[in-house]
Structures are given as C-alpha cells and as structure tokens.
Amino acid sequence: MKSFSIKELEFSLQTPLRLKIDNLTKPKGSLGRLEELALQVGLIQQTLSPSLKHPQNIIFCGDHGIEAEGVSVSPREVTWQQTLHFTQGNGGVNFLCRQHGFELKVVDAGVDYDLPTDRGIIDRKIRKGTRNFLYEAAMTEEEMNLCIERGAEIVRQCHEEGSNVLSFGEMGIGNTSASSLWMTCLTGIPLLQCVGAGSGLSNEGIRHKYKVLKRALENYWGDGSAMDVMRYFGGYEMVMAVGAMLQAAELRMIILVDGFIMTNCILAASKLYPEVLSYAIFGHCGDESGHRLVLDALNANPLLNLGLRLGEGTGAICAYPILDSAVRMINEMDSFGDASITKYF
C-alpha cells in the first residue's frame, strides 16, 4: 500500500489562536462551535488568519457484487445512470455545489458500464464492479492498493488547482452494505445495529439485508485488520475515498466528511493513520441507521442533523457555510482593542 506522511497537528499556535478568538468583540465562547472550528482550521493551516480556497466535492462511483443478493431497493443500473446525471448539472449534489461555490469532480472508480468519454467523468475504473463478498473477497490486494493510489492522485490534482478544503461523496448501489460490514468489523458494534434501510428498504428488506450480511461475515476468514476488512468487503469507490482522505490530510487540507458511507471511510482511514481525524470536520448526522453510532465511535460532533441520507457529499456541502462563518469570524471581526470597546466578560 502507498504510504502517507500525515503530521499530528502542531499546537504551538493554539494559545495565540485562542487569544485572538477570545479577544474578538463578543463574550468569551459566545460563538460556540464557530470558535472551535476557527481554532481547528488555524491549527491545520498553522496560521492566525486561516482561509478557505477553491472548495471541491469529489464523487467516487462504483458498483458492488453484493447487489446481486437483493440488499438494495435500487437496481444496479442506477449507479451508472446517476453517474451520468451528475455531469448534466441537475442532480441533488449539483445545486448545492453551485449554491456554495464548489467545483464538482465525478470519478468512475468501478462502475459496471462503459461510460462515455466526453462527459467530463474522470476515468479511474479498476474493474466493472467488485466481486460478491458473500462468496469471496470484493477485491484483490492489488486492486485495493490501486484504489488508494488513484484516490490520492485525484486529491493531488485538486491541491495543485489551489484547493485547501475538500468534501467527498459516493455513488454505488450496495455501498451501505459494505459500509455496515466495515463498521461492525472496525468498531465492534453488533452488525444488527449497523444495518439500515439504505436507499429505502422496507422492514422486511432490512431483515433480508441483515441475514445476507451476517452470512457474509460468517464466511469471512481474514485477519480482521483494517486493510483486510477494506479489501474483503469494500467498494472501489470507498477505498478510493480512503486514499483521497489520507492524501488530503498529508497535504494539510480540510476534509469535510459526509454521511454514513464517508464516515465509515474516515473510520477505515483512521485505523491506518489515526492522525487523519485531526483534519476532519464532520458535516452532519444522517438518517441511515448506524450513522450516529459510528460518529460516536469516532467521538465526532457533526455540525448538522437534517435527516439527510442521499450521500454524494450533500450533507458535507450543506455544512460548509458554517465553516465559512468560522473563518470569517476570526478574520473579519474586530478585537476589543481595535474597536475601543471594553471587554465585557
């Protein structure tokens, strides 16, 4: 696997940052999470005047072999149809990218379809969908390593384009099943609590999904390491996102974490490099069963709770204005001294 050099946050600026925030024209602590975010971004960027530049949302797309077992209400072809739809500008993620000034990159990590080459989709296809992990590993070790490298490559491109903040999304029918297995294997939370409705399963459908995933887990004879769990149960789009997150942290970029699937990707990334979490801002807690539990396992405090479960990076992008407010606060508010106002705390 590609290695990364992810630095722990340097805290020498923590006191100066805290002093700057505390001396803005407000009661100490009165802007709550905005103050916490400003401190985190200042530490990531190692500056008293942090900035947000050229935000981008990267959607990794891929199909899953486990879809053949009826674990999703949506058919397999939805993956390629939605991947193409993103390029038309009228999807759920598209209007949010426009609203909040994000550039959108759509990456074919492993879609089971010959996508056209003239639609702006970035072709990093590993294979036309993973294998069915009910019977065998979803991917080979070589494929997994290639996913890590290709995800990292996309982030390096964004960095070269001037970005210092990224959100990540996904499209892949069956990927809540893969995420549920990552979650139970990497946190120890019982599988039953990790399995939810995905794109809209009925209660009967959820029970069937659980039974299939329970059998897959019983058939797994790997070593239980993060790498092996990623390889055996993962999707190409998910492992590519892990590589992307690790590369973003190495480059000291801000990582906006989206919903259930991307939270499990940052979970997997943190099992390889725990320092990655220092660069992560969790956008929201979604409606997918298990999302709150995996957030709690990561000691993560998401910014929003809007009942979202779309994926695609939508929840992370919705949270971006709060991050923007935090950065504007530390840069644009007067200090008590500048405004000749007596401290009132």
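The values are calculated or read from the model by the stated rules, or taken from the named source; none is laboratory data. Predicted, not measured: the structure shown is a model, and the values here were computed from it. Note: ideal-geometry Cβ built from the backbone for every residue, glycine included; neighbour counts use all protein chains shown.
Number of residues in the range 90-114 that are among the charged types (D, E, K, R) and surrounded by fewer than 17 Cβ atoms within 10 Å (Cβ to Cβ) equals 3.
Among the candidates 281, 322, the residue that is within 29 Å of residue 48 (Cα to Cα), touching a residue at least 40 places away in the same chain (Cβ under 8 Å) and buried (at least 24 other Cβ atoms within 10 Å of the Cβ) is uniquely 281.
Residues that are crowded, with 23+ Cβ neighbours inside 10 Å, at pLDDT 95 or above and more than 29 Å from residue 129 (Cβ to Cβ) are absent from the range 232-242. Scan the range 21-47 for residues that are surrounded by fewer than 16 Cβ atoms within 10 Å (Cβ to Cβ) and out of contact with any strand residue (DSSP E or B) (no Cβ under 9 Å at 6 or more places or on another chain) and report the count. Here the count works out to 9. Among the residues of the range 92-115, at least one is touching a residue at least 60 places away in the same chain (Cβ under 8 Å), in a loop (DSSP other than H, G, I, E, B) and over 20 Å from residue 176 (Cα atoms). Which of (1) part of a helix (DSSP H, G or I); (2) surrounded by fewer than 17 Cβ atoms within 10 Å (Cβ to Cβ); (3) in contact (Cβ under 8 Å) with a residue 12 or more places away in the chain does residue 5 not meet, given it meets every other one? Result: residue 5 fails condition (1) only. The listed residues are 73, 93, 165, and the only one of them that is at pLDDT below 95 and β-branched (Val, Ile, Thr) turns out to be 73.
Screening the range 154-220 for helices (runs of 4 or more DSSP H) wholly inside it with 1 or more residues that are in contact with a Phe, Trp or Tyr (Cβ under 9 Å, 6 or more places away or on another chain), in contact (Cβ under 8 Å) with a residue 40 or more places away in the chain and within 17 Å of residue 109 (Cβ to Cβ) returns the ranges 175-187.
Against the conditions (1) within 13 Å of the chain's Cα centre (by Cα); (2) farther than 27 Å from residue 160 by Cα; (3) in a helix (DSSP H, G or I), residue 268 satisfies every one except (2).
Residue 308 satisfies every condition listed in (1) outside any helix (DSSP H, G or I); (2) closer than 22 Å to residue 36 by Cα; (3) in contact with a strand residue (DSSP E or B) (Cβ under 9 Å, 6 or more places away or on another chain); (4) not aromatic (Phe, Trp, Tyr) except (2).
Restricting 280, 319 to those that are under 18 Å from residue 93 (Cβ atoms) and among the small types (Gly, Ala, Ser) reduces the list to 319. Checking each residue in the range 285-295 for being touching a residue at least 12 places away in the same chain (Cβ under 8 Å), surrounded by fewer than 23 Cβ atoms within 10 Å (Cβ to Cβ) and within 15 Å of residue 258 (Cβ to Cβ) picks out 287, 295. Report yes if residue 179 is among the polar types (S, T, N, Q) and crowded, with 20+ Cβ neighbours inside 10 Å, otherwise no. Considered against the rule, which asks whether it is among the polar types (S, T, N, Q) and crowded, with 20+ Cβ neighbours inside 10 Å, residue 179 comes out as yes.
Beta carbons closer than 6 Å, at least 6 apart along the sequence or on distinct chains, pair a first residue in the range 61-82 that is farther than 17 Å from residue 212 by Cα with a second that is polar (S, T, N, Q) for 61/83; 63/79. Residues that are over 22 Å from residue 248 (Cβ atoms), surrounded by fewer than 24 Cβ atoms within 10 Å (Cβ to Cβ) and hydroxyl-bearing (Ser, Thr, Tyr) within the range 136-176 comprise just one, 140.
Would you call residue 300 crowded, with 16+ Cβ neighbours inside 10 Å, at pLDDT 95 or above and not in a loop (DSSP other than H, G, I, E, B)? Answer is no for this residue.
In the set (1) over 23 Å from residue 318 (Cβ atoms); (2) touching a residue at least 60 places away in the same chain (Cβ under 8 Å); (3) under 20 Å from the mean Cα position of the chain (by Cα); (4) crowded, with 20+ Cβ neighbours inside 10 Å, the condition left unmet by residue 129 is number (3). All conditions but one from (1) outside any helix (DSSP H, G or I); (2) at pLDDT 95 or above; (3) surrounded by fewer than 19 Cβ atoms within 10 Å (Cβ to Cβ) apply to residue 50; the one that does not is (3).
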